[in-house]
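Everything below concerns the one structure shown next.
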Amino acid sequence: MPQDQPNSPQDRTADREARYAEFVGLLARHDLSIRRFIRSLMPGSEGVDDVLQETAMECWKKFSDFSPESPEDAANEFVRWACVIARYKAMSWQRDRSRDRLVFREGVVEALAQSALEHLDQREEERQAIQHCLSKLEESQRRLVLSVHSPGESIARIASETGEHARRLYSKLNVLRGLLLDCVSQQLSEDLGHE
Amino acid sequence: MNEHIRGSIFQLIDGTISDQDFERLQEAIEADSSVREEYLRAVGLNESLQELAIDSAELSGNEKAKPAADAPSSVQSSRKSFLLAVALVLVVVIVVGDIGFWIYRANSTDQPETLITDREDETTQTQIAGHATLRRAVDVEWPDEQRHHLEGDVLPNGLLKFDVGLAEIDFFCGATLIVEGPATLDIESDWSVRVLNGRLRATVPPAARGFIVKAADSEIIDLGTEFALNVSPEHARLEVIDGEVEIRGGHHDGKHLLTGHSELLKGEEAPTNIFQNLTTASELQQHREKANQEVFARWQNHSQELRNDERLIAYYPITDSQQQRAVENAADSGSGRDGLVVGPVAKTNGRFGQESTGLQFDRHGARVRTRIDGEFQAFSFACWVRIDSLEHRYSALFMGDGYENGEPHWQIRDDGRLMFSVMVDDSKEINYFSKLEQKMVIDAGLHRVYLTEPIWDLTKSGKWFHLAAVYDPKSRRVAQYVDGQLVSEQEIEDKYHISTLRIGPAEIGNWGQPFRKTPVFSVRNLNGTIDELAIFNAALTTEEIHHMYEMGKPLGY
């Protein structure tokens, strides 16, 4: 065996470490986009973290296959590559739980994945549009919209403070969500119009 | 965007969607790209709001918000696995998050909710009293003093007690309990329940955060996801399966429990493995499927026997049918009396769930046509039907086309009364004042409509019923049944007596040939589903009707 083989164990370790650092860098920058993509394919937030983790592991296992066509666009390509794996993982997670109440069937996951891939790079615009639209609401409306997500806050609590029926608050919440959705899609279409 | 679809999307995100709406939404997502876009945008909105809510709570130093390390909500645990990402997110929020406006807007509450148009008119809105629904029930045995609930029932305020079996209860706030009998619960509101006895698993999605379960002298406030509870007269133990709960009152007032932690709320230390084999949602579903297969098989046996009954005029066991357009007549009278699906009849689940078939007539043009020639001496009609709403003045079950002499009409009025009638003399014109139309109208001919008391209201929407009507000219008796019980028995007076009965061209689920042209009368499609119909040339006895109900009833009845 030749003495000067280039892949000495030390080299391989160093190579692997560099590769790992690259991987972690890409994943850290894009894990929220990937998470959002996975969330889009699942009916609830249950299981999203499991699928994200499985996806990250699988991505690392297959990372040697990942070869971006243009280095400038590596980040973008990485997200799309990871989302293909994520789609598969989200589908099989739901298939394993097809007896459960709320899981999407395969055709639905497939259709959603296609649409979601088209909007992968819109996340930041969407977030800004949401903030803009939220700022148009009254404070009490904003509180209601955020109550279901805020730690220590809840519809039940608002109901007991204001004396309004929780069920009525809940239907108000859905009216507000609808208004926000309309506002967000209008914002986004205006943004596109400026391009 | 269709408001119903949008509502379903929000319900799905909150985990409160019904199985039926979920199925419809899945179909819409597959078929319609605009629904897909709307769903994705709604998920995006939900996720962004969640990020914003948590970040703003953290940054504004909200005391109630825990530092990420000891609040393992679903959002935060995902971030824990990517610590670097957490740092990045926080930077982004500090840069773009306009914290100023929260403080600025806080003073402008004097014009509240200007954006909300008052869509809910409480006075005209149909209301149902109750706080929860019984989603699924497997082998539940109700004690005599307790109302016997069926799957889909709205559960009112008050005690809910059962001796054995498994019940899955959805509170309107979105929280779900899987309760194992024997159990006694006191349902207090959409947001609160007291557990007097029993073992349960509680699942609380984000929209239902704040849901309160009371046990012993404590209140358990769920701050998200899942916990188990076991209560007996002597002791009460709580264990957090995933997430976080807060205990108020009792010895542990103010204490927070996290995933895996357990606390005794009352009594001495009980055996340690009290939560072993606590039923999960998917186990409940498996039990349910097994039990469902048993009742389905029981009906299939019965149905095979019934086919040989020589008194049958026609028999349509739709629930067991694989046919596309034909609705097979399984009686000896043969395929000449097969029905034919016409118009937008949707194939949907029958009363035994996914393995069975039902025909849904909710679109105006939907109908099954058949033609049954011959003369008969008596009629017995029996069908299994699920009524979603009574949106027309009359909703058709089985209708003779022209309503000529001797032909039957079997339908339901919008006040929930069953109506059975046979045309006695179609040559006579009867004039009367119609309250509905506020004018004199000419009726079709001499006939009498035999009405029951109201048997249906909106709380029974989506539930399966066995309905039967017996018309017996010989004994001059009309009897009507709901779920095997006699609900009405009337005499056929001389004036309305007719001894030769016919059917001819007829329809199931609609009426093809209305003779009066006002809109309130002309649309009679049943907003519901039929999955079995039998017609006999005989007056069946109460025992026979009851037997059909017992052999054919779906799970949980």
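For the reader, a short list of remarks on this structure follows.
- Between A:Leu52, A:Val24, A:Ser98, the Cα set farthest toward the positive side of the dipole of chain A (charges on each charged residue's Cβ, about the Cα centre) is that of A:Ser98.
- Extending 7 Å from the Cα toward the beta-carbon at both B:Gln304 and A:Glu161 defines two label points whose distance is 6.5 nm.
- Cα principal axis extents for the stretch A:87-190, largest first, Å: 46, 39, 21
- Computed from the Cα positions only, the extents of the stretch B:265-359 along the three principal axes stand at 72, 32, 19 Å, in decreasing order.
- The stretch B:312-552 - Kirkwood radius from inverse mean 1/r over Cα pairs (Å): 17.8 Å
- Three-way shape call for the stretch B:7-56 based on the alpha-carbon gyration tensor, with the a/c threshold at 1.5: oblate
- Residue-by-residue Karplus 3J(HN,Hα) for the stretch B:501-510, coefficients 6.51, -1.76, 1.60, Hz, glycine and proline x: 9, 9, 10, x, x, 8, 10, 9, x, 6
- At least 15 Å along the helix axis (C-alpha) and Kyte average at least 0.0, DSSP helices within chain A: A:106-118
- 28 Å Cα-Cα threshold exceeded, pairs from A:Lys89/A:Lys136; A:Lys136/B:Lys214; B:Lys161/B:Lys460; B:Lys347/B:Lys460; B:Lys214/B:Lys553; A:Lys89/B:Lys214: A:Lys89/A:Lys136; A:Lys136/B:Lys214; B:Lys214/B:Lys553; A:Lys89/B:Lys214
- Relative counts (whole %) of C-alpha pair distances in the stretch A:9-118, using bins that are 10 Å wide: 14, 44, 27, 11, 3, 0
- Partnerless cysteines, meaning none of the other Cys C-beta atoms lie under 4.7 Å away, in chain A: A:Cys59, A:Cys83
- Remark: the Cα gyration tensor places chain A in the prolate category, a/c being 1.5 or greater and a/b exceeding b/c.
- Amide proton proximity set for B:Gln485, modelled H, under 5 Å, gap of 5+: none
- Using R0 = 45 Å, the C-beta based FRET efficiency linking B:Glu37 and B:Gln377 works out to 0.15.
- Formal net charge of residues neighbouring B:Gln411 (Cβ-Cβ distance under 10 Å; K, R +1; D, E -1): +4
- Neighbour net charge for B:Leu526 - beta-carbon separation under 11 angstrom, K R +1, D E -1: 0
- Residues A:Arg12, A:Arg35 arranged by fewest to most Cβ contacts within 10 Å: A:Arg12, A:Arg35
- Around the amide H of B:Ile313, modelled in the peptide plane, lie the amide H atoms of B:Ile535, B:Phe536, B:Asn537, all under 5 Å away and 5 or more residues distant in sequence or on another chain.
Read-outs throughout are calculated quantities, based only on the coordinates presented, and are distinct from any laboratory measurement. The shown structure was predicted, so the numbers you read here are calculated from the model rather than taken from an experiment. Note that we place each Cβ from the backbone using ideal geometry, even for glycine, and neighbour counts take in every protein chain shown.
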